[in-house]
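These notes are about the structure you will find just below.
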Amino acid sequence: MEKKKGQHILITLFLSTLKLSTFTFGGGYVIVPLMRQLFVEKLHWIEKEEMLDIIAIAQSAPGPIAVNTSVLVGYKMKGIVGALVTLFGTILPPMVILTIISLLYTLISENQVIRQLLLGMRVGVASVILHAVYVMAKNVISLKKILPVIIMVISFILSYILKMNIIYILLISGTVGVIHYLYQNKKEGESV
């Protein structure tokens, strides 16, 4: 029975990431909120705070955020096999679609209908990204911890207003997080 349940989880992981990757347009910042909605709110496989951590790790790791997030979700659920299943489910649709588009590129590149369709999709993608930012910011604020909120606000200012390179922001934020974690552990160790 346990093996059957494990296979069910793997199938669900594969089909979920395959569907999300196939039917979303706009990259990781569109897919990630949908993953959060599916795995946190619908399937209840991952806690809200843990999903925020997964997204943060995925964003700071090299590579596409959608692939990184799906691999981390798969790894959390079923280890290496889960990570491979979600990786394959996430990269298969773009590989097929890009292969077809590359073969047809010269035929569709000058088509005005295609150009207008892509322009309209940009508006939709922008609204989904804005919603994702709102939901993630709301989740960070709901933790009722001041440091993540301060890091979020300062990161926004450094990135959007001061145009600082995102690598520096990630390094600074990561360093502050590690220092805070070590300080909290030392403080808890002394109080025991």
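Yes/no per residue for (1) farther than 24 Å from VAL135 by Cα; (2) part of a helix (DSSP H, G or I); (3) among the small types (Gly, Ala, Ser):
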site: GLY26; (1), (2), (3): no, no, yes
site: GLN37; (1), (2), (3): no, yes, no
site: GLU41; (1), (2), (3): no, yes, no
site: SER70; (1), (2), (3): no, yes, yes
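Selection of segment 146-160 for residues being open to solvent by 70 Å² or more (accessible area, probe 1.4 Å) and closer than 29 Å to PHE25 by Cβ yields PHE156, TYR160. Among the residues of segment 143-192, those identified as within 19 Å of GLU50 (Cβ to Cβ), in a helix (DSSP H, G or I) and either of a type in the set (Phe, Trp, Tyr) or in contact (Cβ under 8 Å) with a residue 60 or more places away in the chain (or both) are GLY174, TYR181.
If you go through segment 58-88 and keep only what is touching a Leu at 6+ places or on another chain (Cβ under 9 Å) and open to solvent by less than 20 Å² (accessible area, probe 1.4 Å), you end up with ALA58, ALA66, SER70, VAL73, GLY74, GLY82, ALA83, THR86. Inside segment 27-45, residues that are surrounded by fewer than 15 Cβ atoms within 10 Å (Cβ to Cβ), closer than 29 Å to VAL123 by Cβ and touching a residue at least 12 places away in the same chain (Cβ under 8 Å) make up a count of 1. For LEU143, the conditions (1) open to solvent by less than 70 Å² (accessible area, probe 1.4 Å); (2) at pLDDT below 80; (3) within 22 Å of THR22 (Cβ to Cβ) are fulfilled apart from (3).
Of VAL123, VAL135, VAL113, all but one fail to be open to solvent by less than 50 Å² (accessible area, probe 1.4 Å) and assigned to a helix (DSSP H, G or I); the exception is VAL135.
The values are calculated or read from the model by the stated rules, or taken from the named source; none is laboratory data. Only a predicted model underlies this, so the values are computations on that prediction, with no experimental measurement involved. When we count neighbours, we look across all protein chains shown, and the Cβ atoms used for this are built from the backbone with ideal geometry, even at glycine. For accessibility, only protein heavy atoms count, side chains too; no ligands or nucleic acids. Shrake-Rupley method; radii C 1.70, N 1.55, O 1.52, S 1.80 Å.
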